[in-house]
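The values are calculated or read from the model by the stated rules, or taken from the named source; none is laboratory data. Predicted, not measured: the structure shown is a model, and the values here were computed from it. Here the Cβ positions follow ideal geometry from the backbone for every residue, glycine too, while neighbour counts run over all protein chains shown.
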Amino acid sequence: MVNRIAGYEGVAVAVPVTVPYERFSIRGAHWFMARALKQLVDGAGISKDDIDGLCVASFTLAPDSAVGLTQHLGLSPRWLDHIPMGGASAIVSLRRAARAVQAGDAEIVACIAGDTNQIDSFRQSTASFSMFAQDAVYPYGAGGPNGSFAFLTAYYMRTYGAKPADFGKLCVAQRSNALRNPNALFKKPLTLDEYLGARLVADPLRLFDCVMPCAGADAFLVMCEERARRLGLPHARLTGAIERHNAFPDDPVQHRGGWVMDRDHLYAAAGVGPADIDVIEVYDDYPVVCVFQIEDLGFCAKGEGPEFIRRHSFEANGSFPFNTSGGQLSVGQAGAAGGTLGLVEAIRQVTGQAIGAQVEHARHALVSGYGMINFDRGLCSGAAILAAT
Amino acid sequence: MSDTIKRPKRKNPILRTRAPTLPPERRSRIALGLVRGAALGRLELQRCAECGAIQYPPREACVRCLSQELEWTVMSGEGELVSETTLRHSQELFFRERMPWRLGLVRLAEGVSLVVHLDARCGPAPSAVKVEAALDRAGQAVLVARPAGRDTTLADEPKLRDMTSDPRFRKVLVTDAKSPVGQAVVRAVLEASADLVWAGHCEPWKNPPGWAAIAELPKTTLVPLDVTDTKSVNELAAELGFKVDIVINTAEHHRTFGLFGRAGVETARAEMETNCFGLLRLAQAFGPIMQARGADGDSSAIAWVNLLSIYALSNFPQHATYSASMAAALSVSQALRAEMRHAGIRVINMFPGPIDDEWNQLLLPPKLAPSAVARAIVGSLKGSVEDVYPGDIAQDWLARFRDNPKALERELGR
Amino acid sequence: MKQHDSAAGIEILAGFTTALTTGAIRIIDLTQTLGPDFPSIVMPPEMGQSRAFRMEEISHYDERGGGWYWNNLSFGEHTGTHFDAPIHWVSGRDLPNSSTDTIPVNDLIAPAVVIDCSKESADDADFLLRVDFIKAWEAKHGKIPPRCWVLMRTDWSKKTDPAAYQNYDEVGQHTPGPDPDAVRFLLNERDVLGFGTETIGTDAGQAAHFLPPYPCHYYLHGAGRYGLQCLTNLDQLPPTGSSLIAPPLKILKGSGSPLRVLALVPSNLAGVARP
């Protein structure tokens, strides 16, 4: 048995699709998934029957899972998966699909993440989110993750000296990026003063530290490079991908994620280092998690995130292009599609098809995912590196 | 910021009475292990019998070694507040009505992290705290971090007051104020600053020692109440049920016969009539109207205390039919608790051992003085518990019952 | 017993019915209303207790029965205005026809005399009716006829406060009643049918200390005679001339029962105060 982890040679990622986000929709998740599938098929110039692998991530598909979707959308895949990992679903879906394609278990895999958002969706989906949340968090009034991330943010600030303005700088930059993205739900610029003066939601988190739930979907196709070329599709090469769950369980308070454990392998597999990354799309459910990812993916040491932020600029034309479509914080979080938002943006950047601002010479993009506050910490983490062809 | 309870203002009578809301009630079965300890005022967490690891949140197998020998064990609650927040917004109606709300993340000395309600008197993180289990308004167990090394009253923290049923400024009905325990309860409740005590009594020709003095107490009104008489109970409820905040049901009929010691069912029937059906009548007459006032501002209906007996747990054959009537009353009180929980009203059951009164004359000490029972009742209202076993005998029998109820059955039947 | 001929019997009965209609004969209700607040006899706590009257609705034109109202009752045989049968006392336990279902029906309608002790009872709650008082009464109203009810009027029924009615202190109850000699006299010298009182017992409140204890119960029931308790409106009756209708419920082996006691009084005599 060979212990060496196989690389992702020959895996292509193509056809980045976004179903425009809506604040509320009366339609079910199936509608958004179907729309994404249609856009994938049309964008690839293939027929629906050519999709022989399906990977799904959604919070509001219940009572269906991926299985129900096959009959609903008229697919007969020979490979099927359902990834319930929140903001890490995109990376994990990509890893699963890549292996299927490499092994020949499927030729064209559609990875679709989407959710509807109705008046009571958020309350309902958080109410049945996890056993530990039900037993040990929601009874305390913090329905939803705000309270938990407030704990993490306060701890991080106290331990490493981060200031609100540090987080604010990221949020302001992301809003600036979002203004170039017609799909973004936020249309107005955000100043640092507005960020700092916004109403408190759960101390120290304020309004602009929190995403706005919405309805929408993001999707992409995974296939072998040769197939992408034959179809004439602009595509990115997958050069490395990692995932880790429930990392560092003995940390009293989460201040780092699983990326620390596997990042060396990620970069080794991709044959690049942090300095080679031209654009980074991190999972931004809250600014403090952005700082985790910057540190844990090797761009600076633990605790030096605030200093790093102060030194860099994060717009598409800045010194550290970051969440270039605006991130969830400025585009909106369409449920499980939040993690795919960054992945499709990375595909667009390295294939030169940016909808908003294009990062020049974007040859290597790093995409990171995180998610599933099961109790007091996000359990899932993952990252992938996409390279231009 | 903390402050002792202030006298509530008179309610504006043309305003709609607020309906009760409750904190989230859903818990997995294994998480309900917390309420078993919290009902008694204990913080219990799971401890792995094989490797000793403490578990939180509650779970089905040891997080360290996967053993399923997890035992609920009393914890000291000592820990460090490692982070905190103040919620300004909640999706839960209960908390929306009480914003802002302080929460903490505590690391216990045993190495687990807890999300807790944070007492306002705790300093900012990092600081030493003591975690306790309490019952929230839904009657479910929650964890509360209190300042370490200081003796503070839960009821004095305005946000956490909802977890208690402090009699201060409240109107209390004591159903039998004439018995030795009843008299002691009236006095103890007045001492706890109740605004008004309705002292229920029947058989007006009976004038036991101390009774005349009760009538002279301030803020005390004698009201006729015979819990064996449906008409009496209904009439009193019609007259003042809508003002009662706390019912303390002290009415009991206690005779001391074994099963074969008194021919016929009449003595047993009299015990059932007072102990079980009396509670049933009171519940039917006062329960619904108290439910409607479960969230009536600062002067809401808030608690119901039943004076049961440790014999309710396991029959004491020397007082066989009395035990049976108390077991029946316990069952009825559980039904009452299920109903009242929905309105946020706590039902507290007292399970004293033998009380030092005439009917227990032949029992050897230790026996509970009526004043001790009264203190336990008032203590339970000020605290956050629902099952109280005051005194050495009660604690002893409870431990034996939990350890091996069959053994207790044999021991009592000796 | 000599039979009247049937024609005369029909006439007497018709005349009686007419007299009731015209008011020539009045009916006085000597019965307290049976309700949960009416005091009931209380035994020492370690003994078996007689139940106070209790009423539980079965339905009240509601979901428990939409078209009707009715109740279940519970009470002791000796609750409220009630009849004591000879079998009630140990001295009468072996007599024939001694329970409520076997008492001869002819005994259930009988003449009554009323001995007014109201003033004396007002002054002294422990007032005892003695032979000399009875004889003084007889001097005014004539010898007590045989087989009649002797009713001791004390106006005790006017005490509507239950505590005052029971009249307990640390040594027990204090209510008027007959002394042992008076009971023996009424039984042996006057052959009375029974003794009736307004208080909770036919015997005085302190009768446990008499010799024999509870002499009214002891002697009368021992001789197959009866008792009536918790009567009211005795002040409406003439000293002589009334008849009582006092049938207890026909309870199998009953020792007594609550009942309706009605006095038939000629209207010219009704409401006559104590001379």
Item to check | Scope the stretch A:114-141; condition part of a loop (DSSP other than H, G, I, E, B) and crowded, with 23+ Cβ neighbours inside 10 Å; matching residues | outcome: A:Thr116, A:Asn117, A:Val137, A:Gly141
Checklist outcome for this item: Within the stretch A:238-291, residues being of a type in the set (Lys, Arg) and within 14 Å of chain B (Cβ to nearest Cβ) number 0
Next on the checklist: Which of the numbered conditions does A:Ser176 fail, given that it passes all the others? Conditions: (1) in contact (Cβ under 8 Å) with a residue 60 or more places away in the chain; (2) crowded, with 22+ Cβ neighbours inside 10 Å; (3) touching a Pro at 6+ places or on another chain (Cβ under 8 Å).
Outcome noted: (2)
Checklist entry - Out of all the residues in the stretch B:1-39, which are out of contact with any helix residue (DSSP H, G or I) (no Cβ under 6 Å at 6 or more places or on another chain), of a type in the set (Lys, Arg) and either over 23 Å from B:Ala399 (Cα atoms) or loosely packed, with under 14 Cβ neighbours inside 10 Å (or both)? => result B:Lys6, B:Arg7, B:Lys9, B:Arg10, B:Lys11, B:Arg16, B:Arg18, B:Arg29
Item to check | Test result for B:Val129, more than 12 Å from every other protein chain (Cβ to nearest Cβ) and either of a type in the set (A, V, I, L, M, F, W, C) or in contact with a Cys (Cβ under 6 Å, 6 or more places away or on another chain) (or both) | outcome: yes
Item to check | Answer from B:Ser323, B:Ser380 - the residue that is within 26 Å of B:Asp136 (Cα to Cα) and polar (S, T, N, Q) | outcome: B:Ser380
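Yes or no, residue by residue, for (1) of a type in the set (S, T, N, Q); (2) closer than 23 Å to A:Thr126 by Cβ; (3) buried (at least 24 other Cβ atoms within 10 Å of the Cβ):
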site	(1), (2), (3)
B:Ser76	yes, no, no
B:His89	no, yes, no
B:Leu93	no, yes, no
B:Val172	no, no, yes
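One line per residue, one yes/no per condition, for (1) under 18 Å from the mean Cα position of the chain (by Cα); (2) under 24 Å from A:Phe32 (Cβ atoms):
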| residue | (1), (2) |
| --- | --- |
| A:Gln293 | yes, no |
| A:Leu297 | yes, no |
| A:Gln328 | yes, yes |
| A:Ala337 | yes, yes |
| A:Glu345 | yes, yes |
| A:Ala362 | no, no |
| A:Met372 | yes, yes |
| A:Ala383 | yes, no |
Next on the checklist: Please pick out the residue among B:Arg150, B:Arg187 that is farther than 25 Å from B:Asp296 by Cβ, modelled with pLDDT of 95 or more and surrounded by fewer than 24 Cβ atoms within 10 Å (Cβ to Cβ).
Outcome noted: B:Arg187
Checklist entry - So A:Asp276 fits all but one of (1) touching a helix residue (DSSP H, G or I) at 6+ places or on another chain (Cβ under 9 Å); (2) modelled with pLDDT under 95; what number is the exception? => result (2)
Next on the checklist: So for the stretch B:53-64 (the condition being more than 24 Å from B:Arg29 (Cα to Cα) and crowded, with 23+ Cβ neighbours inside 10 Å), does at least one residue qualify?
Outcome noted: no
Checklist entry - With respect to B:Ser333, is the statement that it is touching a Phe, Trp or Tyr at 6+ places or on another chain (Cβ under 7 Å), closer than 27 Å to B:Trp397 by Cα and assigned to a helix (DSSP H, G or I) true? => result no
Checklist entry - Residues of the stretch B:212-236 being in a helix (DSSP H, G or I), surrounded by fewer than 23 Cβ atoms within 10 Å (Cβ to Cβ) and among the aliphatic types (A, V, I, L, M), which ones? => result B:Ala212, B:Ala213, B:Ile214, B:Ala215
Checklist entry - Does A:Lys38 satisfy the condition of being farther than 29 Å from A:Phe129 by Cα, charged (D, E, K, R) and free of Cβ contacts under 8 Å to residues at least 12 places away in the same chain? => result yes
Item to check | Per-region count, the stretch A:199-224, residues under 30 Å from A:Ala362 (Cα atoms), in contact with a Gly (Cβ under 6 Å, 6 or more places away or on another chain) and either buried (at least 19 other Cβ atoms within 10 Å of the Cβ) or within 14 Å of chain B (Cβ to nearest Cβ) (or both) | outcome: 3
Checklist entry - Would you pick out the residues in the stretch B:78-122 that are of a type in the set (Lys, Arg) and at the interface with chain A (Cβ under 7 Å from one of its Cβ atoms)? => result B:Arg88, B:Arg107
Next on the checklist: Any residue at all in the stretch C:179-200 that's over 22 Å from C:Asp116 (Cβ atoms), of a type in the set (S, T, N, Q) and over 17 Å from the mean Cα position of the chain (by Cα)?
Outcome noted: yes
Next on the checklist: Condition first: of a type in the set (A, V, I, L, M, F, W, C) and either surrounded by 24 or more Cβ atoms within 10 Å (Cβ to Cβ) or part of a loop (DSSP other than H, G, I, E, B) (or both). Now tell me which residues in the stretch C:201-217 satisfy that.
Outcome noted: C:Ala204, C:Ala207, C:Phe210, C:Leu211, C:Cys216
Item to check | Any hit, the stretch C:136-146, residues being within 18 Å of the chain's Cα centre (by Cα) and assigned to a helix (DSSP H, G or I) | outcome: no
Next on the checklist: I'd like the full set of residues that are under 27 Å from the mean Cα position of the chain (by Cα) and free of Cβ contacts under 8 Å to residues at least 60 places away in the same chain, limited to the stretch B:237-267.
Outcome noted: B:Ala237, B:Ala238, B:Glu239, B:Gly241, B:Phe242
Checklist outcome for this item: Among the residues of the stretch A:128-169, the number that are more than 7 Å from every other protein chain (Cβ to nearest Cβ), of a type in the set (Phe, Trp, Tyr) and under 17 Å from A:Gln293 (Cβ atoms) is 4
Checklist entry - Would you pick out the residues in the stretch C:167-200 that are charged (D, E, K, R) and either within 14 Å of chain B (Cβ to nearest Cβ) or surrounded by 22 or more Cβ atoms within 10 Å (Cβ to Cβ) (or both)? => result C:Asp169, C:Glu170, C:Glu198
Next on the checklist: Is it the case, given these coordinates, that B:Ser193 is away from every other protein chain (no Cβ under 14 Å), assigned to a loop (DSSP other than H, G, I, E, B), farther than 23 Å from B:Thr85 by Cα and touching a Leu at 6+ places or on another chain (Cβ under 6 Å)?
Outcome noted: no
Checklist entry - Does the stretch B:152-162 include one or more residues that are within 14 Å of another protein chain (Cβ to nearest Cβ), in a loop (DSSP other than H, G, I, E, B) and either free of Cβ contacts under 8 Å to residues at least 60 places away in the same chain or not polar (S, T, N, Q) (or both)? => result yes
Item to check | Pick from the stretch B:240-269, criterion part of a helix (DSSP H, G or I) and touching a Gly at 6+ places or on another chain (Cβ under 9 Å), ranking: surrounded by the fewest Cβ atoms within 10 Å (Cβ to Cβ) | outcome: B:Glu266
Checklist outcome for this item: When (1) in a strand (DSSP E or B); (2) under 25 Å from B:Arg7 (Cα atoms) are applied to B:Phe169, the one that fails is (1)
Checklist entry - Can you name the condition, by its number, that B:Val63 falls short on among (1) within 11 Å of chain A (Cβ to nearest Cβ); (2) within 19 Å of B:Leu160 (Cβ to Cβ); (3) in contact with a strand residue (DSSP E or B) (Cβ under 8 Å, 6 or more places away or on another chain)? => result (2)
